[in-house]
Amino acid sequence: MFDAAPRAETLLEVNNIEVIYNHVILVLKGVSLSVPKGGITALLGGNGAGKTTTLKAISNLLHSERGEVTKGTISYRGERVQELDPASLVRKGVIQVMEGRHCFEHLTIEENLLTGAYTRGDGRAAIARDLEMVYSYFPRLKERRKSQAGYTSGGEQQMCAMGRALMSRPETILLDEPSMGLAPQLVEQIFEIVRAVNEGEGVTFLLAEQNTNVALRYAHYGYILESGRVVMDGPAEALRENPDVKEFYLGMSDQGRKSFRDVRSYRRRKRWLA
Ligand SMILES: Nc1ncnc2c1ncn2[C@@H]1O[C@H](COP(=O)(O)OP(=O)(O)O)[C@@H](O)[C@H]1O
Ligand SMILES: [Mg+2]
């Protein structure tokens, strides 16, 4: 049948990348993913699965960690971006919000937000407008604008890091573990803001999350990483309904937690035996 819905353009394409730390530690073993324009794509998986490494490979932040992409390609809008430094990538519209929300502790919230506009050359009026745009999504930051970032809460610092990224007027935000260390209610609030920014500003998100449950409620598509490999991907709704995902990531089983791959091979064995 003719499909009238226009297919979203792919912005970011990661093709079969391998990442090695310290010349010997193979961490990503052929990861591929694609991020469509205007979507929220989730990169899921437990601690140590390789989510942060994938995001850092994309924004070329691995060098300081003695990490290197040794195979595969990464492209943005069809253009190879592997050799670009993070600042050039920001100019192309891609910005990363790092895990652990790095704000400048000695600056106020507002000063932090303004540092996010450093790559722009469109003048004070535009920057002032965008500051108001950021405050409209993060009213809490407006209340705390004069506070020194180091003295604000974890949730406010996460908002500050996201708001600062927005100040660069990005097309795509790579958001690493926004829920980390936050109370459930705040996590929900952060994800509501991600959705609002996605819908209101059209910003594309690739977000890494251990909290599969929340991420799959807000994302459109998900990739599940385990030990440096994508073990499953699909529309968020399909992943939420998938029995293996339910059992291992959504906490809907009381059986012991094994590896996701173990379960799948176990199921396969069971099918052969049946
Ligand atoms: N700088 C590094 N040097 C060596 N190994 C690292 C380094 N950073 C991460 N790793 C290893 O790479 C694997 C993936 O880590 P990471 O990408 O941080 O996972 P995630 O973000 O999914 O928790 C882990 O086994 C971790 O120990
Ligand atoms: Mg991580």
Item to check | Entries of Lys92/Lys146; Lys71/Lys92; Lys51/Lys92 with Cα pairs more than 28 Å apart | outcome: Lys92/Lys146
Next on the checklist: Can you tell me what share of the DSSP beta bridges in the chain is antiparallel? A percent to the nearest 5 is fine.
Outcome noted: 60
Item to check | Of every Cα-Cα pair in region 101-169, the percent that sits beyond 19 Å | outcome: 21
Item to check | Pairwise label distance in nanometres, Leu250 with Phe104, each label 7 Å out on the Cα-Cβ vector | outcome: 4.4
Item to check | In sequence order, calculated HN-Hα J values of region 224-241 (Karplus, 6.51, -1.76, 1.60; Hz; x Gly/Pro) | outcome: 9, 9, 9, 6, x, 10, 7, 9, 6, 8, x, x, 3, 4, 5, 5, 4, 8
Item to check | Size of charge dipole - the chain - debye, nearest 20, with Cβ of Lys, Arg +1 and Asp, Glu -1, no other charges | outcome: 620
Checklist outcome for this item: Taking R0 as 45 Å and r as the Cβ-Cβ distance between Tyr118 and Glu199, the FRET efficiency 1/(1 + (r/R0)^6), rounded to the nearest 0.05, comes to 0.95
Item to check | Whole-percent carbon and sulfur share, accessible surface of the chain, 1.4 Å | outcome: 50
Checklist entry - Could you sort Glu68, Glu226, Glu188 by accessible area so the largest value comes first, with the probe set to 1.4 Å? => result Glu68, Glu188, Glu226
Next on the checklist: Stokes-Einstein diffusion coefficient for the chain at 4 °C in a medium of 1.567 mPa s, Rh from the Kirkwood formula over Cα pairs: what value in µm²/s?
Outcome noted: 66
Next on the checklist: As a test of the formula, what do you get for the chain when each DSSP H run with n ≥ 4 contributes -39,500 (n - 2.57) and the sum is divided by the residue count, at 222 nm and rounded to the nearest 500 deg cm²/dmol?
Outcome noted: -11000 deg cm²/dmol
Item to check | For the chain, with +1 on Lys and Arg beta carbons and -1 on Asp and Glu, the positive-most of Ala219, Ser147, His106 along the dipole | outcome: Ala219
Item to check | Net charge of Cβ neighbours under 13 Å - reference Gln189; Lys, Arg +1; Asp, Glu -1 | outcome: -1
Checklist entry - Accessible area per residue, 1.4 Å probe, Å², for the chain: what's the number? => result 50
Checklist entry - So how do Thr41, Thr52, Thr70 rank on accessible area, 1.4 Å probe, biggest first, that is with the largest at the start? => result Thr70, Thr52, Thr41
Next on the checklist: I'd like to know which of Val31, Val231, Thr204 lies farthest towards the positive end of the charge dipole of the chain, counting +1 on Cβ of Lys and Arg and -1 on Cβ of Asp and Glu.
Outcome noted: Val231
Checklist outcome for this item: Listed residues Arg80, Arg229, Arg66; largest mean-square fluctuation, Gaussian network over the chain with Cα springs below 10 Å, found at Arg66
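The values are calculated or read from the model by the stated rules, or taken from the named source; none is laboratory data. Quantities reported herein were computed from a predicted structural model and do not represent experimental measurements. Cβ atoms come from the backbone with ideal geometry, glycine included; neighbour counts cover every protein chain shown. Just the protein is used for accessible areas: all its heavy atoms, side chains included, with ligands, DNA and RNA removed. Shrake-Rupley method; radii C 1.70, N 1.55, O 1.52, S 1.80 Å.
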